[in-house]
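To start, the structure under review is shown below, and the notes come after it.
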Amino acid sequence: MEYTREQKQAMCSDRNISVMANAGSGKTFILIDRYIDIILNDERVDKDPRKILAITFTKNAAGEMKARATKKIESLIKAETNEKNLKVLYKIRERLSYANISTIHSFCSSLLRDYPIEAGILPNFTEVDDADKVKIQNEAIALTIDEMLFNSSAEDKAEFQSMIMRYGLNTISSYLN
């Protein structure tokens, strides 16, 4: 396949990159080619995908990247005839299941789990799930409204009450979420 100028730039492995492009533009294709090229040819990685960090935004995208990387290695294994190279490719395929291809959220979580003291958090912290997130947001909104209604100047309080009457608490809360 012939790469575009931009795709060639993304394939350069002498620097870290961030790729932003529209859906269907070939981001994942290029990233996987680059990822496999780094695994196979960058001496700093020493053919170990666990030494590379690839971060994406969604679990689906991370899963797709890992699946495509595995599929690419599988195709290289099928085409390889040299026994020594085959052993290397098999080892890479095995290590891909432990590769650092993840979402921003899961990467940060693992980093905090590895270094809780340095981050100033409890080692046994738990992540907030969606239900807890909504509960915390609603509590914060309620506290903010209480603060505005009970601890503001008379002028601010009157303005805030007028806004509540005009738009309703649900509408105001939805803007704050």
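Couple of notes before you dig in:
- Fully extended contour minus Cα-Cα distance, from Ser106 to Asn170, at 0.36 nm per residue: 19.8 nm
- Using just its DSSP H runs of length 4 or more, each adding -39500 (n - 2.57), the chain gives a mean residue ellipticity at 222 nm of -20500 deg cm²/dmol after division by all residues.
- Greater than 26 Å apart at Cα, pairs in Lys27/Lys51; Lys27/Lys47; Lys66/Lys133; Lys59/Lys135: Lys66/Lys133
- For the chain, the Rg and Dmax computed from alpha carbons only, in angstrom: 24.7, 83
- Part-to-part distance (alpha-carbon centres) for the range 1-42 and the range 109-177, which is given in Å: 40
- With at most 12 neighbouring Cβ atoms within 10 Å, loop trypsin sites (Lys or Arg not before Pro) (DSSP) excluded, longest segment of the chain: 45-177
- By the combined test of axial Cα extent (at least 18 Å) and Kyte-Doolittle hydropathy (mean at least -0.5), the qualifying DSSP H helices of the chain come to 27-41, 130-150.
- Taking every protein chain into account, the accessible area of the chain amounts to 73 square angstrom per residue (probe 1.4 Å).
- Neighbourhood charge, 11 Å Cβ-Cβ cut-off, centred on Ile32 and excluding it, Lys, Arg +1 and Asp, Glu -1: +3
- Here, the range 11-106 yields an orientationally averaged convex hull projection of 6.3 nm² when only Cα atoms define the hull.
- The chain: most fluctuating residue of Ile104, Ile136, Ile36 per GNM, C-alpha cutoff 10 Å: Ile136
- Neighbourhood charge, 10 Å Cβ-Cβ cut-off, centred on Ala99 and excluding it, Lys, Arg +1 and Asp, Glu -1: +3
- The stretch between Ile17 and Arg5 holds 2.8 nm of extra length on full extension. This uses 0.36 nm per residue minus the Cα-Cα distance.
- Within-12-Å neighbourhood charge of Ala61 [Cβ basis; K, R +1; D, E -1]: +3
- In nm, spacing of pseudo-spin labels at Asn151 and Lys71 (7 Å Cα→C-beta vector): 5.5
- Atom-type composition of the exposed protein surface of the range 97-167 places 58 percent of the accessible area on carbon and sulfur (1.4 angstrom probe).
The values are calculated or read from the model by the stated rules, or taken from the named source; none is laboratory data. What you are looking at is a predicted structure, and each value in this text was computed from that prediction instead of being measured. We place every Cβ from the backbone using ideal geometry, glycine too, and count neighbours over all the protein chains shown. Heads up: the accessible areas ignore ligands, DNA and RNA and are worked out on the full protein's heavy atoms, side chains in. Shrake-Rupley method; radii C 1.70, N 1.55, O 1.52, S 1.80 Å.
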